[in-house]
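Q: Here you go, one structure.
None of the figures in this text is laboratory data; all of them are computed from the coordinates on show. Owing to the predicted nature of the structure, the values given are computational and were not obtained by experimental measurement. Every residue, glycine among them, receives a Cβ derived from its backbone with ideal geometry; neighbour counts consider all protein chains shown.
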Amino acid sequence: MDIATIGLDLAKNVFQLHALDHSGRTVLRKRLRRTEVLSFFARLPVCLVGMEACWGAHYWAREIQKLGHTVRLMAPQYVKAYVKTNKNDAADAEAIAEAVTRPSMRFVPVKTQDQQAMLALHRVRQGLIKARTAQANQIRSFLAECGIVIPAGLCRLRRALPMALSEDERVDGLMRQLLVDLAARLRSLDDEVARLDRHIAEFNRRNQDCRRLETIPGIGPVTASALVAAVGNATAFRNGRELAAWLGLVPRQSSSGGKDRLLGISKRGDSYLRTLLIHGARSMLMPATARHPEPDGWLARLLARKHRNVAVVALANKNARRAWALLARGEVFHATAPTAT
């Protein structure tokens with residue numbers, strides 16, 4: 001059987017396969033149980049396998065690549081345009097087989113196990129920080145019910161909480177015991193976040209790319225490790241602007257008839273990475289951490305004519321492009337001009 005291209009629609013237990021020959025004609029439609037997938041591909045000659053970048057896709061891509069096949073992952077929104085009729089597994093597999101052969105298709109790099117482990121660590125850390133913030137707000141609201149108002153911020157809460165629990169007469173009985181338990185839970189969440197931060201720091205010490213990224217102003221250990229884990233092989237992007245667009249840091253367009261109209265940033269891609277880059281850029285504009293106070297810098301000129309938030313996103317975009325240059329070319333960051341006020 002002449003099979004050149006395969007579209008594989010992934011699922012939990014039953015996978016749908018659509019095979020094309022070298023001329024693009026359909027030669028096989030087949031349903032496979034999960035346990036049959038690898039044995040089926042082991043019997044095939046080397047071919048191109050396309051899959052949507054969804055749940056489990058990176059695992060299957062790694063396993064099928066071990067059998068000698070070329071695997072390409074695609075974003076589901078790019079495949080959807082090739083679905084000809086109602087959505088079902090067979091139609092999805094056919095659309096995947098068609099989309100993977102397009103010369104203009106954009107592919108998602110296959111992630112390694114280490115990359116996926118680091119991304120999982122970041123997701124766990126993000127969830128713990130969200131839970132810690134919710135816990136702190138709950139404690140602050142309970143204290144407000146007792147007439148004790150603590151300003152926003154974890155540091156202020158940590159400083160004021162011991163005194164409120166031990167000395168303030170407005171907190172007593174059952175409320176005191178409840179707040180003691182909640183304070184212990186808050187400390188436990190702090191310890192969990194600190195433990196994950198130590199894992200990230202250890203990962204960065206062992207990874208040369210992370211150490212290079214940390215030299216960029218506005219990129220710290222957390223952002224550096226997240227970028228290395230998410231981006232992987234930076235040469236999959238042709239230039240730094242493609243990486244910035246992948247992160248959703250470039251303007252959306254609504255252009256027609258030769259009239260260009262740029263809107264706000266697209267906010268595509270990973271919102272977690274985009275948030276880290278924007279917060280890092282925002283920290284560069286704080287007076288206490290400004291590194292280049294000279295007024296003739298690029299960022300200073302931008303701040304003179306644009307809103308502060310626009311300048312923050314522009315700096316995040318620039319840092320993403322700098323990160324691409326360091327990852328793709330193996331370069332070291334050199335500050336050639338002032339970048340902050």
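Q: Can you give me the long-range amide H partners of residue 49? Hydrogens built in the peptide plane at 1.01 Å from N, cutoff under 5 Å, separation of 5 or more residues or another chain.
A: Those lying under 5 Å, H to H, from residue 49 are 6, 70, 71, 72.
Q: To test your reading of the geometry: what angle, between 0 and 90 degrees and rounded to tens, separates the Cα axis of helix 89-99 from the longest principal axis of the chain?
A: For helix 89-99, the angle is close to 90 degrees.
Q: Follow-up question, since we're still on this one. For the chain, what does the helix formula give at 222 nm: sum of -39500 (n - 2.57) over DSSP H segments with n ≥ 4, over the residue count, nearest 500 deg cm²/dmol? All intermediate terms of the calculation are to be shown ahead of the outcome.
A: Values: 13 runs with 179 residues, N = 341.
When only DSSP H runs of four or more count, the value is -17000 deg cm²/dmol.
Q: Moving on to the next point. Spelling out what I want: for every residue of the range 114-127, take phi, set θ = phi - 60°, compute 6.51 cos²θ - 1.76 cosθ + 1.60 (Karplus), and round to whole Hz; glycine and proline get x.
A: Result, rounded to whole Hz: 5, 4, 5, 5, 5, 5, 5, 4, 5, 5, 5, 4, 4, x.
Q: While we're on this one: Please label the shape of the range 208-329 as rounded, prolate or oblate, based on the square roots a ≥ b ≥ c of the eigenvalues of the alpha-carbon gyration tensor (a/c under 1.5 means rounded; beyond that, a/b larger than b/c means prolate, else oblate).
A: Here the range 208-329 falls in the oblate category.
Q: Can you figure out the FRET efficiency of residue 145 with residue 263, using R₀ = 41 Å and their beta-carbon distance, to the nearest 0.05?
A: That pair, residue 145 with residue 263, gives E of 0.40.
Q: Which of 113, 101, 129 sits closest to the plus end of the dipole of the chain, meaning its Cα is farthest towards the positive end, when Lys and Arg get +1 and Asp and Glu get -1 on the C-beta?
A: Of the options given, the answer is 101.
Q: Take the alpha carbon gyration tensor of the range 5-108, find the square roots of its eigenvalues, order them as a ≥ b ≥ c, and report rounded if a/c is under 1.5; if not, report prolate when a/b exceeds b/c, else oblate.
A: rounded
Q: Ordered by residue, what ³J(HN,Hα) values in Hz, to whole numbers, does the range 236-244 give under the Karplus form 6.51 cos²θ - 1.76 cosθ + 1.60, where θ = phi - 60° and Gly and Pro are x?
A: 5, 9, 5, 7, x, 5, 5, 5, 4
Q: In the range 1-109, which chymotrypsin sites (Phe, Trp or Tyr not before Pro) are in a loop and have at most 13 other Cβ atoms within 10 Å, using DSSP for the loop call?
A: The qualifying sites are 55.
Q: Straight-line reach from residue 318: which aspartates and glutamates have a Cα under 20 Å away, not including same-chain ones fewer than 8 places off?
A: 209, 214, 242, 270, 294, 296, 331
Q: Also: What does the charge dipole of the chain about its Cα centre add up to, to the nearest 20 debye, if the Cβ of each Lys and Arg holds +1 and the Cβ of each Asp and Glu holds -1?
A: Approximately 740 debye in magnitude.
Q: Follow-up. Quick one: length gained pulling residue 253 to residue 117 fully straight, 0.36 nm per residue minus the C-alpha distance? All intermediate terms of the calculation are to be shown ahead of the outcome.
A: Numbers: separation 136, 0.36 × 136 = 48.96 nm, distance 3.54 nm.
The span from residue 253 to residue 117 would gain 45.4 nm if fully extended.
Q: Do you know the relative contact order of the chain, to the nearest whole percent, from alpha carbon pairs under 8 angstrom that are 6+ apart?
A: Relative contact order comes out at 12 percent.
Q: When DSSP beta bridges are limited to those with both residues in the chain, what percentage is antiparallel, rounded to the nearest 5?
A: That works out to approximately 65 percent antiparallel.
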